[in-house]
1. Only Lys, Arg, Asp and Glu count, each charged at its Cβ (+1, +1, -1, -1), so figure out the dipole size of the range 5-180 about its Cα centre, rounded to 20 debye.
2. When the Cα centres of the range 81-109 and the range 32-54 are compared, how far apart do they sit, in Å?
3. Cβ neighbours within 10 Å, averaged per peptide: list 11-23, 155-167, 116-128, 201-213 in order, most packed at the top.
4. So for the chain, averaging the separation of alpha carbon pairs under 8 Å that are six or more residues apart and normalising by length, what relative contact order in percent results?
5. If each DSSP helix of 4+ residues adds -39,500 (n - 2.57) and the sum is divided by the residues in the chain, what number results at 222 nm, nearest 500 deg cm²/dmol?
6. Rounded to the nearest 10 degrees, what's the angle between the helix 190-206 long axis and the longest principal axis of the chain, both from Cα atoms, 0 to 90?
7. Give, in nm to one decimal, the length gained when the segment between Glu169 and Asp55 is fully stretched (0.36 nm per residue of separation minus the Cα-Cα distance).
Amino acid sequence: MTVKKILVVGAGNMGAGIAQLCAQQGFEVVLSDISLDYCTNAKARMEKGLQKRVDQGKMAAADMAAILSRIALAGDLTPAKECDFVIESVLEQIEIKTKVFSQLDALARPDVIFATNTTSLPISAIAEATGRPEKVVQMHFFNPPTIMKLIEIMPGKKTAPETIKAAVEMARLLGKDPVVCKNEAPAGIVSRVLGQLLNEATWLVDSGVAEPADIDKALKLGANHPMGPLELLDLIGLDVHRAKMQTLTATLNDPRYKHPKIVDKLIEEGRLGKKVGKGFYDYE
Ligand SMILES: NC(=O)c1ccc[n+]([C@@H]2O[C@H](COP(=O)([O-])OP(=O)(O)OC[C@H]3O[C@@H](n4cnc5c(N)ncnc54)[C@H](O)[C@@H]3O)[C@@H](O)[C@H]2O)c1
């Protein structure tokens, strides 16, 4: 596989981090979103983060300039015509992802691999929006993508073994240590196991077993977790967590993944987590 230029679609939290990572590893990158403004903002965030590293003496100013010079921006998907690998990281909605993949399919060379960073949407449904389902694969990055070592790789029903091999190679070229799932299953490994742990903590609150602070303290002191499950839920966002548990309940048809009423109640009250200043805890 010869990849020089990578198209990253979606300049949000994850897409911006993935684009930065690709540029840091020496690739030419085009970061695309529905409006150029989103991309410009993303690049400004990257610049701020990199500048901090330069100021701390952790990076040379010339390296920072070189990384930023490798990242071009686009307000549409036209650059797919000249890219060798695509990583999609748009909103977690199947209608949006399938539309993006069908547009990419019309633009990119037939040999180009499409990777999706979806957390829990079905890879096969995304792949079927293209005429190249054998070249579509999940590459699930972790937040923040520049720091976290793992990429989970998962095939859809029609993904070719060579595509998995290429995704593993790409993950290593990005400096990561990948794991490969053998079959398509919603939410992969980490999100599924962690989702259950966080869900169980919300059931403890719901049934009045202990206060959130004590549940968090217990997991930190008793299981050596660096952060309590409810603190982590506040960081992830209760709405994001609930959407994942609903997908798992529906696709696996298994009541183990059901979330308790306390999660609905907090979401109804606007307590979505740290991003709005309140969740299980108050941050203001
Ligand atoms: N946030 C995380 O911790 C995390 C971790 C792993 C994977 N993911 C997955 O990564 C993906 C992105 O998540 P995020 O947290 O970065 O979301 P985000 O909301 O920060 O960013 C999504 C971006 O997609 C853009 N977008 C929407 N429609 C588009 C289109 N048609 N074409 C191009 N861009 C479009 C939006 O403008 C936005 O900038 C999701 O699939 C999510 O499940 C998220």
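No value in this document is a laboratory result; all are computed from the given coordinates. Note that the coordinates shown come from a computational prediction; the quantities given were computed from them, not determined experimentally. Methodologically, a virtual Cβ is constructed for each residue, glycine included, from the backbone with ideal geometry; neighbour enumeration extends over all protein chains shown.
1. Details: 20 positive and 20 negative charges, 70 e Å.
Its charge dipole is roughly 340 debye.
2. Using only Cα atoms to place each centre, the spacing works out to 21 Å.
3. So the peptides 11-23, 155-167, 116-128, 201-213, ranked by packing, come out 11-23, 116-128, 155-167, 201-213.
4. Numbers: 505 pairs, mean separation 36.2, N = 284.
Relative contact order comes out at 13 percent.
5. Numbers: 11 runs with 133 residues, N = 284.
Roughly -14500 deg cm²/dmol at 222 nm, from the helical runs in the chain.
6. Tilt of helix 190-206: around 20 degrees.
7. Numbers: separation 114, 0.36 × 114 = 41.04 nm, distance 3.32 nm.
Between Glu169 and Asp55, full extension yields an extra 37.7 nm.
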